[in-house]
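Following this message is one structure expressed as structure tokens.
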Amino acid sequence: MEFWKRSHLCGDLRLPDKTSRVTLSGWVRRRRDHGGVIFIDLCDRTGLTQVVFSPEAGTEAHLTAQELRSEFVVAVRGAVRPRPEGTVNPKIATGEIEVFADGLQIINPSLPPPFPIEDEEDLQEEVRLRYRYLDLRRPAMLKNLHLRHRVAGRARRYLDEKGFWEIETPLLTKSTPEGARDYLVPSRVHPGKFYALPQSPQLFKQMLMVAGVDKYFQLARCLRDEDLRADRQPEHTQIDLEMSFVEPENIFEVVEGLVEVLFREFRGVEVTRPLRRMTYAEAMLGYGSDKPDLRFGLEIREVGEIFRESSFRVFRETLEAGGVIRGLAVPGGASLSLKQLEDLTGFCREAGAGGLLWILLKEGGALKSPIKKSLTEGELVRLREVFSCGEGDCLMLVADRPETAATVLGRLRLKLAADLKLIPKDRYEFLWVVDFPLLAYNEEEKRFEAVHHPFTSPHPEDLALLETDPARVRSRAYDLVLNGTELGGGSIRIHRQEVQQKVFSLLNIGPEEAQSRFGFLLEALRHGAPPHGGIALGLDRLLMLMAGLNSIRDVITFPKTQKAVCLTTGSPSEVDPAQLQDLHIAFVPPPGE
RNA sequence: GGGGGCGUAGCUCAAUUGGUUAGAGUACCGGACUGUCGAUCCGGGUGUUGCGGGUUCGAGUCCCGUCGUCCCCGCCA
């Protein structure tokens, strides 16, 4: 069927257009049938226009309009005219006009939608994902897609202007276990061999630096076969970049400029530069996290020194065993109930601590605390000093191993902020976390693991420690954090083959293994690799935060569920046995089936 | 792998201590209506209470198992 070509979009028309004739097409969002006169709201991605069908304008169109239902696709012809006195709708952009229709074409009818196509609907995500094309048709979702388009485009333009080349790297690549689980693709031509889908373009972009590309970027799809979260999908998109002959400062400069432009142009927010810097050690001590949320206080303090002489056995024994006493002050927390404090204590136990010690500083100087008897006046004075707190506040202390105290208080801090509603809206607190340790010891496997990845350069000042005390070696890795979310991470890479070998050996990757897995990289490093480094920013997380959302699924067109299923298409699914045969694959059911 | 929440009409939800024929709003269907914009008015319930088993005179409700979905821990170089 020949359909009428539209002359305008549904959100376009304004009062000055009143004399013109137009053709609009779109979806019938709502029909208001008054018998003699019928109104419809006609929608497309630009907005909504009211169309009026009256026998006076076109009897046939009016007759056909009676058949219209929600989400029919139609074309409408008519005159744009100002709305009659008193019927202007100030709630919509086109509210001063309407289209007085003399022609109507039903291009495609629609089944009744399973849910109304509007933003206010509070729907189960399962339903949204099953009919994702309808969910995406909602204005708020189309807005998210539009933001994504504009941010991606602006990032491209920004990086282009900074001299970066956009370069693609393979999707079918080599499996490099260590790190996340790979998605594997069997090779038909090479029985028993597999490609891996990339977890990141890491090694390719490093080789591009060896090639002399100098400045590379890519909006790279990255795949990891790990469990999902609200901010983690099996596939996500990174703004991935790499530069040659650079120090961390050069990377910071580029990235800060990028977020500055994006937040200014799309959020109207001025980012204060340079962004705050914090070492990993400071972050863990003060916030109990390597991605501190700086939108609120509740900073963690070390108070072991105050209790050096404490009569409280738990404090004394913890300190003697090399543990720490840390805590935070909750402003106004003295009004917390015993029940709330018990719940918080339970929360800390589940997080791994022995317990939570609280001290309520009541009005009039009174104390309430399970350790009231052990507390001296001198200790209290110093606690008030350290936490700058006083009457009406509550102190919460944890005595434990340093790592445990950090993570428990870090989680407690986030919980308190959420429970007590201490997190301000529309605040964007960026920071760089720097000086990550290079290695972390894995107790279960009795070996070191790379904290960032195995290609991260050790801190130049700590090179000697590689031999003597690997655990204390800092790396030249950095994370960009926004509001407690890791937006991205990167590092200066190792560009010397012998340093790379050394790090491999610390990671328990022997020469043969290094050769078989990363031989191509080692070889590249020996062919004139320049000093280089880069970063990858999670585009989905960035958009989620820019749009004020709680899940990256809302900025991804067809996301997977927590079990990594696509409810729209039903993937993953079984395949034809012939396909498996082609790939030399046999299915072995898991035990018990 | 573990902990927690949810699962009743197309959608969002209700249903007393385990009690009779599982309701409401909305959507949908039929009718009326010439200025609505969440149109209104009249009429209509369209259901495998996720699935399987158990307890009971009787199960949406209790128990066991299972499936799905969401949040978190582990995991995510």
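If you line up the long axis of helix A:511-525 against the longest principal axis of chain A, both from Cα atoms, how many degrees apart are they, to the nearest 10?
Computed tilt is about 60 degrees.
Along the charge dipole of chain A, Cβ charges K/R +1 and D/E -1, which of A:Thr279, A:Leu68, A:Gln199 sits furthest on the positive end?
A:Leu68
Please turn the phi angles of the stretch A:404-415 into ³J(HN,Hα) values with the Karplus equation 6.51 cos²θ - 1.76 cosθ + 1.60 (θ = phi - 60°), one per residue in order, whole Hz, x for glycine and proline.
Couplings: 5, 4, 5, 5, 5, 5, x, 6, 4, 4, 5, 5 Hz.
Now for a separate question. Hey, can you grab everything whose amide H is under 5 Å from the amide H of A:Ile97? Only 5+ residues off in sequence or another chain; H modelled, so Pro and N-termini drop out.
A:Arg83
Right, something else. With charges only on Cβ, +1 for K and R and -1 for D and E, what is the dipole size of the stretch A:464-537 about its Cα centre, in debye, rounded to 20?
Its charge dipole is roughly 200 debye.
Note the angle between two axes, namely the Cα long axis of helix A:338-350 and the longest principal axis of the Cα atoms of chain A, as a number of degrees from 0 to 90, rounded to the nearest 10.
80 degrees
Then there is this: Along the stretch A:229-244, what does the Karplus equation 6.51 cos²θ - 1.76 cosθ + 1.60 (θ = phi - 60°) give for ³J(HN,Hα), rounded to whole Hz, x for Gly and Pro?
9, 4, 10, 9, 10, x, 10, 9, 10, 10, 7, 9, 9, 8, 9, 9
Could you give the dipole magnitude of the stretch A:1-139 about its Cα centre, charging the beta-carbon of Lys and Arg +1 and that of Asp and Glu -1, in debye to the nearest 20?
320 debye
Can you find, among A:Leu341, A:Leu431, A:Ala351, the residue farthest towards the positive end of the dipole of the stretch A:294-446? Put +1 on the C-beta of Lys and Arg, -1 on that of Asp and Glu.
It is A:Leu341, whose Cα lies furthest towards the positive end.
Would you calculate the separation in nanometres between label points at A:Lys368 and A:Leu63, each defined as 7 Å from the Cα along the Cα-to-beta-carbon direction?
7.9 nm
How charged is the neighbourhood of A:Glu309? Take every other residue with its Cβ under 14 Å from the Cβ of A:Glu309, and add Lys/Arg as +1 and Asp/Glu as -1.
Working: positive: A:Arg308, A:Arg313, A:Arg316, A:Arg382; negative: A:Glu305, A:Glu317, A:Glu320, A:Glu377, A:Glu379.
Cβ neighbours under 14 Å give a net charge of -1.
Using +1 at the C-beta of Lys and Arg and -1 at the C-beta of Asp and Glu, which of A:Met1, A:Leu129, A:Phe252 has the Cα lying farthest in the positive direction of the dipole of chain A?
It is A:Met1, whose Cα lies furthest towards the positive end.
Here is a follow-up. Determine the gain in length on full extension of the stretch A:Lys415-A:Arg14; use 0.36 nm per residue of separation and subtract their C-alpha separation, reporting nm with one decimal.
139.5 nm
Net charge within 15 Å of A:Ser337 by Cβ-Cβ distance, Lys/Arg positive one each and Asp/Glu negative one each, not counting A:Ser337 itself?
Summing Lys and Arg as +1 and Asp and Glu as -1 gives 0.
Starting from the amide H of A:Phe448, placed 1.01 Å from N in the peptide plane, find each other amide H under 5 Å away whose residue is 5 or more places distant or on another chain.
A:Asn442
Please list the radius of gyration and Dmax for chain A, considering alpha-carbon atoms only, with Å as the unit.
Radius of gyration, then largest Cα-Cα span, for chain A: 30.3, 94 Å.
Using only the alpha-carbon atoms, how far is helix A:377-387 inclined from the longest principal axis of chain A? Give it as 0 to 90 degrees, nearest 10.
Compared with the principal axis, the helix lies near 40 degrees.
Next question, about the same structure. Report the extension gain between A:Val88 and A:Phe266 in nm, rounded to one decimal, defined as 0.36 nm multiplied by the number of residues separating them, less their alpha carbon distance. Walk me through the numbers on the way to the answer.
On the way: separation 178, 0.36 × 178 = 64.08 nm, distance 3.03 nm.
Extra length available between A:Val88 and A:Phe266 comes to 61.0 nm.
Which percentage, to the nearest 5, of the DSSP beta bridges contained in chain A is antiparallel?
90 percent
I want to check the label-to-label distance for A:Gln124 and A:Gln340. Put each point 7 Å from Cα in the C-beta direction and report it in nm to one decimal.
3.4 nm
Compute the length gained on full extension between A:His190 and A:His527: take 0.36 nm times their separation in residues and subtract their Cα-Cα distance, giving the result in nm to one decimal.
118.3 nm
Moving on. Any idea how far apart A:Arg156 and A:Thr46 come out in nm if each label point goes 7 Å out from Cα toward Cβ?
Between A:Arg156 and A:Thr46, the label points sit 2.2 nm apart.
Could you sort the peptides A:150-156, A:242-248 by per-residue average Cβ neighbour count (10 Å cutoff), highest mean leading?
A:242-248, A:150-156
Is there a quick way to get the dipole size of chain A? I mean about its Cα centre, with the Cβ of Lys and Arg at +1 and of Asp and Glu at -1; what is the value in debye to the nearest 20?
That gives a dipole near 920 debye.
May I pose another question? Among the lysines, which have Cα under 29 Å from the Cα of A:Lys339 when same-chain residues fewer than 8 positions away are ignored?
A:Lys339 reaches A:Lys362, A:Lys368, A:Lys372, A:Lys373, A:Lys415, A:Lys421, A:Lys425.
I've got another one for you. Quick one: which residues, 5+ away or cross-chain, put their amide H under 5 Å from the amide H of A:Gly26? H built at 1.01 Å from N.
HN-HN under 5 Å from A:Gly26: A:Val74.
Under 14 Å from the Cβ of A:Arg154, count the other residues' Cβ atoms, weight Lys and Arg +1, Asp and Glu -1, and hand me the total.
Neighbourhood net charge equals +2.
Which ³J(HN,Hα) values, rounded to whole Hz and listed in residue order, are derived for the stretch A:254-270 from phi using the Karplus coefficients 6.51, -1.76 and 1.60 in 6.51 cos²θ - 1.76 cosθ + 1.60 with θ = phi - 60°, glycine and proline given as x?
Coupling constants for the stretch A:254-270: 5, 5, 4, x, 5, 5, 4, 5, 5, 6, 5, 6, 10, 10, x, 10, 8 Hz.
Return the calculated 222 nm mean residue ellipticity for chain A, to the nearest 500 deg cm²/dmol, obtained by summing -39500 (n - 2.57) across DSSP H runs with n ≥ 4 and dividing by the residue count.
Value at 222 nm, helices only, nearest 500: -8500 deg cm²/dmol.
Here's a follow-up. To the nearest 0.05, how large is the calculated FRET efficiency for A:Arg313 and A:Glu449 if R₀ is 45 Å and r is the Cβ-Cβ distance?
Between A:Arg313 and A:Glu449 the formula returns 0.80.
Taken together, the values in this text are just the output of simple stated rules run on the coordinates, not laboratory data. As the structure is a prediction and not an experimental result, all values here were calculated from the model. Cβ: placed from backbone, ideal geometry, glycine included. Neighbour counts: every protein chain shown.
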